[in-house]
Amino acid sequence: MGSVGTGRQHPACGVISRLSQKKKVSPARDISILLPRSPAVNTSCQPFTCTVPASAACTGPATVRLTSPATAALSHARQALDLYRTTSYQSGQANALGAVGWFHALLGEHQEALSCCRQALTLLQELGERRGQADTWDSLGYIHRHLGHHTAAITCYQRSLDLYRQLGNRCDEAETLTSLGDTHRAAGDTDAARTASQQALSVLDELDQPEAAQVRAKLHHLAAAPEPDREAGLLPQQG
């Protein structure tokens, strides 16, 4: 979630696991991804160049930046999945499945996204990988939110949030709180939206993140709106 600083360039051959700022990325913009690596993967495959940021605000696996449309990124993720399926590296397979699901979601292919992310979550739970589980629950929340499944989205975001808090990942905690607030607002629950957004703002201010301004603007909008509002054009009204 932190800004990207100067970093070293290196060829990476691995699996795409998860966007660090996914809900704010459009298919045609730079895509921030994580690349877990396994020595079992054939490193003779065609590499692509990534940048490792120098930001110290967020901890966890090294974040790298790949400039590519979502369609191309989906192709990379599928290739990574195929590579990992030739090995016994189940963690790589699980993260690659999650990446394939996420890029399907970016392209609006939500049923395909749900299927891949659910498969990924099952593997990650079997492996006990809490970080991957948190990321995948967050992806599932995003998918359900864009399908108009407010209750399911809120449940997924909450599970993701709980795991991020256990892991001490403040950046992703704030991002998921922001998404949770947006989902509550879309569902018409202004009070819950305000609570989640205030919590997100508290974390972002503590970390001195620029996204705090956007969340502050959302809180101002919530305070100014006497009636529950909905995201125009994003979600249908629920009966």
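Do we find that residue 211 is surrounded by 23 or more Cβ atoms within 10 Å (Cβ to Cβ), modelled with pLDDT of 95 or more, charged (D, E, K, R) and under 20 Å from the mean Cα position of the chain (by Cα) in this structure?
So residue 211 does not fit the description; no.
If you take just the helices (runs of 4 or more DSSP H) that sit entirely in the stretch 112-206, which of them hold at least 1 residues that are among the aromatic types (Phe, Trp, Tyr) and touching a Gly at 6+ places or on another chain (Cβ under 6 Å)?
Helices (runs of 4 or more DSSP H) meeting the threshold: 150-167.
Name the single residue, out of those in the stretch 179-227 being touching a residue at least 40 places away in the same chain (Cβ under 8 Å) and polar (S, T, N, Q), that is farthest from residue 135 (Cα to Cα).
Of everything passing the filter in the stretch 179-227, 209 is farthest from residue 135 (Cα to Cα).
Which one of the conditions (1) within 14 Å of the chain's Cα centre (by Cα); (2) more than 15 Å from residue 152 (Cβ to Cβ); (3) crowded, with 24+ Cβ neighbours inside 10 Å does residue 104 fail to meet, given that it meets all the rest?
All conditions are met except number (3).
Would you say residue 198 is over 20 Å from residue 217 (Cβ atoms), touching a helix residue (DSSP H, G or I) at 6+ places or on another chain (Cβ under 7 Å) and polar (S, T, N, Q)?
The answer is no for residue 198.
List the pairs whose first member sits in the stretch 90-106 and is of a type in the set (Ser, Thr, Tyr), whose second member is in a helix (DSSP H, G or I), and whose Cβ atoms are under 7 Å apart, counting only residues at least 6 apart or on separate chains?
Pairs found: 91/127.
May I ask you to say which residue of 135, 172, 162 is touching a strand residue (DSSP E or B) at 6+ places or on another chain (Cβ under 9 Å) and among the acidic types (Asp, Glu)?
Only one candidate qualifies: 135.
The values are calculated or read from the model by the stated rules, or taken from the named source; none is laboratory data. Owing to the predicted nature of the structure, the values given are computational and were not obtained by experimental measurement. With ideal geometry, Cβ positions are generated from the backbone for all residues, glycine too; neighbour counts draw on all protein chains shown.
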